[in-house]
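A short worksheet on the structure shown next.
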């Protein structure tokens, strides 16, 4: 029997529907639309009616928030349609609903399907309805769903038994081969196919379809960099600088006795080889595992110097994000994470750099066959942030570059940083008899052809056919992989590892060893009906292939099971030097390793370079005109509404917030985070920055790439890092060059610029990623070479860019320039000098000018703390607004003197210019001679430019929230807290981890630091037996513990349509419920829930009622933020009551700063109940503004909580729920946002039991 229910948000809470109505009326300009209603539809099979009704109340809806209908509600005046995911696509809502229901029933997992039902009101034409459908349905991932009911949710599959052979292939004519290329949509060219034909002739057989598909993937540009490996036969030059660079490259090859072919890959990697020969890359960690850049570092942990590995990687998903922005961007960061993760490291910080066309233009200007730019940028941001936030990865810096060329194809880059103790990483060559284990997610049809699709140029027709190429991400599954690989025992069992990205089984497993025997029948499937080819090349995500010795297989699988991970032995290493895969008893792949490694037919090209233009940017107009225009320039204006949806503090290691100053308005130029140490503490910090200006590179690829390297390195220096041990990784992105010699000139010129920059600065790119498919019909992306620079530094030296005080002198130090580029000796001297000023403690802030010159720097530096600035009259407007890469703007503090800097001989000797830029002022104005601009006016233009695209400043609906006057409540003070019946010297803390939780490490460390004894217990739910065992285990741990701490995260992906339902389903189990209430009522225990944990506590009734109960429409709850997106920032909270033992070390009225990161933190409560909570002292904390006043202002109350409530307690205070992450605090964190972060929660809990 299939049960169906419709769920709709109540009036006043329909933010998603209101947002869609706004988009339709103001973006699609369909003014006849009067209203929109959205309903979630659930179909569930496998439950009796009573259980289904219980699941509807507790999981599929919330009585405080939702209206529930057994039938579609009255809709006679509405146009109705429904939307569902395509068959085979991952539906997190349905999947989480099924898991939650299984937890609730402890029985078999039911089948669940979900759909979204749209009710459109107004006098709409057929065309307008069609336009609305086109806006909400991306055919790459979804389709219009039937409104009919289902008799069953079972899907009948045609079960394939064999794969076809490409008969007649070895006898095929050239015309026949051309037809095969077209009919199969292959990415390889005719020469490659002829090369295949000759190979199979030598084997005297025709290939299987699987083999051709697999070879096409294996040799794709995405997997094997075929464009970059094309042999360059000759190059012509029109520019002397370029010719000199080429000669330098050729000379370097001779010095290295290099005989391999000349190609773009060789140019891109040769500088590292030169510098290595010179002894400058001694810390480079090299092995046959090359999934991520790896260097050896020393990390001081609790005073002990340890050997660690630092890993970093950049990844792109340009094509997938272009056609399915949410899934493409999500799997971009997922793939970026898995590369260093496969190196057994823990990924702890990410950077997102993207490229788009103008997202503010009318949707009517969208190119045929393309999604609107606004839809692209917002949906991609949601996809990337959703995945990163769920997996528990701090995104330290987010930026988006706008250029008309990115209308050809979006740029989506994720760069990540990871680290691991060196002793945990074992790298050995697999030996015959070793086994290959497939870990993690199951295999489906999503992602088939992703590698080859990303290697093609595209047109309207091709985009319509490539939907299956986009993988679907499942972040909670990848989080499990992270946890397993952080386990030292598991990590040390792995001899070699590869992640499942492009190419699936055929590449991920196929690259592990020269000889392999793969049993495709063992590959776990999401559903039936997959044939051998699909199993071999599907790029389904969250999978990892590991090689272990046969004797270690069972133990490794046990460790995987402990982390709730599926692990399957799917292949064995052989000594045959062949890749063999069999399915249904037949070999469907049987290829020699030598043939596979050939990468196909050798390609040749002749390259013609251009003269290149001057990159000088002439500035016209007055200072005021230029500064006003700059403030609303797309490449200068605020990206805060974009960035704040990304969790920037998870991991409790963020040294610099994305935006600094008391106002959190000054953007950082490099991200900085402490090396992630699971147990113990360090001040060693990784610092990463990027550099690239498309408007320079489109004029002169050589100089653009050179300056990209300079910019990325200078940003490290401007963040307080030293230049020693700096490493690079590049992202190249160009139009499809084809056979056009002139089009090949762009990447060659850029790589030569980067080559010279590396040798001049003595730093090397030790990794990178090329994407050579940035073409749509006749439009190309701008020539792109993004340089990422990384190094490490002590956290005490990390410096932020916001101005720190008034009446501070500000100097501008500029390197000597030659031929529009900084002279290397001058630049390196300047790097060292600036860092010395940092280590001597003489600088308050630093900024290195980029796209907007000194003007942009000063504008952004002023915003953080509302200081003004007076430019020196000796400067020209050209000076202030022109390019000046590699220079530094230095705000001096009281330790520095102008005389010593002006007298520095090392600066003068290298031609470095020391200029008086001006002085900071108390008045919030920017002055230049007689021209005066109010900072508030500039800030308004700066923040408003992208406000309609990425919301960050909004007015709350006053009808739905209490008025400002209702917010302030009286203090409630407690001085005598009741002690527990039994005192404990070292109380035990249970930290349960559910699928999707990600704050357990931070929570455990905070508890341990306070002297408590944390125990992390993973809740397993792969089978009903796992659930039963987890119930027993958790109940037993509760009986042995004095505290329960439910950590933050996204349990169950915050689905179905609401947070913490997975946790609440588990705690409603009778055994867990009884153990919890016994701990609280009979043993006077404590319980804490932060963020996701708070959501669980309030939906269980533990706050504010002190017991687990079924809630109703009158109970308080937490719901979606009024801004309708995730919010990550620092907020200030005021202690309203210290009645709780958790707050015993705080006084009412005290103000604390705390990181928040959530999408559902809005506390709602009926007025009469709220009044009682105040009287009982159960309102623990409130959001306050900079003056300490509770407020509804979205800048300070990030979710629009009623009465500005941040935390509440149970009646006795022993259960506390709060949104702010008090556990994410430590020495030298959040250096650019001042505040008192130590609430003493965990110390107070320890003292309670003493």
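Derivation of every value follows stated rules applied to the coordinates shown; laboratory data play no part. Quantities reported herein were computed from a predicted structural model and do not represent experimental measurements. Here the Cβ positions follow ideal geometry from the backbone for every residue, glycine too, while neighbour counts run over all protein chains shown.
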Three-way shape label, the stretch 994-1068, alpha-carbon gyration tensor, a/c 1.5: oblate
Shape of the stretch 672-748, Cα gyration tensor, a/c cut at 1.5: prolate
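Give me the compactness ratio for the stretch 240-299, meaning the Cα radius of gyration over 2.2 N^0.38 Å.
Working it through for the stretch 240-299, the quotient is 1.33.
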Those residues of the stretch 565-592 whose amide nitrogen sits under 12 Å from the label point placed on residue 521, 7 Å along Cα→Cβ: 582-587
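Rounded to the nearest 0.05, what FRET efficiency do residue 562 and residue 49 give with R0 = 41 Å and r taken as the Cβ-Cβ distance? Could you check?
0.65
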Sites residue 57 and residue 1033, calculated FRET efficiency, Cβ-Cβ separation with R0 22 Å, nearest 0.05: 0.20
The stretch 309-391: relative contact order in percent, alpha carbon pairs under 8 Å with at least 6 residues between: 39
Estimated D of the stretch 203-339 in µm² per second, where Rh is the Kirkwood radius over Cα pairs and Stokes-Einstein applies at 37 °C, 0.692 mPa s: 171
Cα centroid of the stretch 1101-1116 to Cα centroid of the stretch 1147-1173, whole Å: 16
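Where does the stretch 964-1248 land on the Kirkwood hydrodynamic radius, alpha-carbon pairs, in angstrom? Write down the numbers at each step before the final one.
On the way: mean 1/r = 0.0538 Å⁻¹.
Result for the stretch 964-1248, one decimal place: 18.6 Å.
Please order 850, 149, 654 by the number of other Cβ within 10 Å, starting at the fewest.
Lowest count first: 149, 850, 654.
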Fewest-first sequence of 134, 480, 910 by Cβ atoms within 10 Å of each Cβ: 134, 910, 480
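Test of understanding: express the Cα radius of gyration of the chain as a ratio to 2.2 N^0.38 Å, with N the residue count.
After normalising by residue count via 2.2 N^0.38 Å, the value is 0.91.
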Global size of the stretch 487-641 as Cα Rg and Dmax, reported in angstrom: 25.6, 78
Mean separation of Cα contacts under 8 Å (6+ apart) over length of the stretch 801-922, as relative contact order %: 50
Fully extended contour minus Cα-Cα distance, from residue 836 to residue 1078, at 0.36 nm per residue: 81.1 nm
Relative intensity, log₁₀ I(q)/I(0), of the stretch 2-145 from a Debye sum that treats every alpha carbon as a point, q = 0.09, 0.18 Å⁻¹: -0.31, -1.08
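Determine the relative contact order of the chain: mean sequence separation of Cα pairs under 8 Å and six or more apart, normalised by residue count, in whole percent.
11
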Fewest-first ranking of 246, 583, using other Cβ atoms within 10 Å as the exposure measure: 246, 583
Separation between Cα centres of the stretch 991-1022 and the stretch 250-285, rounded to whole Å: 46
Inter-site label distance for residue 932 and residue 121 at 7 Å from Cα along Cβ, in nm: 5.2
Approximate shape of the stretch 801-922 as ellipsoid semi-axes (Cα gyration tensor, √5λ), whole Å, largest first: 21, 18, 12
Label point at residue 807 placed 7 Å out along Cα→Cβ; residues across the stretch 859-894 whose backbone nitrogen lies under 14 Å: 894
Kirkwood-based shape ratio for the stretch 1113-1250, expressed as Rg/Rh from alpha carbons: 0.95
Estimated Rh, the stretch 851-986: Kirkwood, alpha-carbon pairs, angstrom: 20.2
Label point 7 Å beyond Cα of residue 300 along Cβ direction - residues of the stretch 692-724 with amide nitrogen under 20 Å: 720-724
Efficiency of FRET between residue 985 and residue 158 - r from beta-carbon atoms, R0 45 angstrom, step 0.05: 0.10
Rounded Å value of the spacing that divides the Cα centres of the stretch 771-812 and the stretch 75-103: 41
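Kindly provide the helix-only [θ] at 222 nm of the chain, computed as the sum of -39,500 (n - 2.57) over DSSP H runs of four or more divided by all residues, to the nearest 500 deg cm²/dmol?
Calculated from helices alone, the mean residue ellipticity at 222 nm is -9000 deg cm²/dmol.
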Antiparallel content of DSSP bridges confined to the chain, in %, to 5: 80
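How long is the gain from residue 1250 to residue 80 if the chain were fully straight, where each residue apart is worth 0.36 nm and the alpha carbon distance is subtracted?
415.0 nm
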Rg(Cα)/(2.2 N^0.38 Å) for the stretch 670-823, N = residue count: 1.21
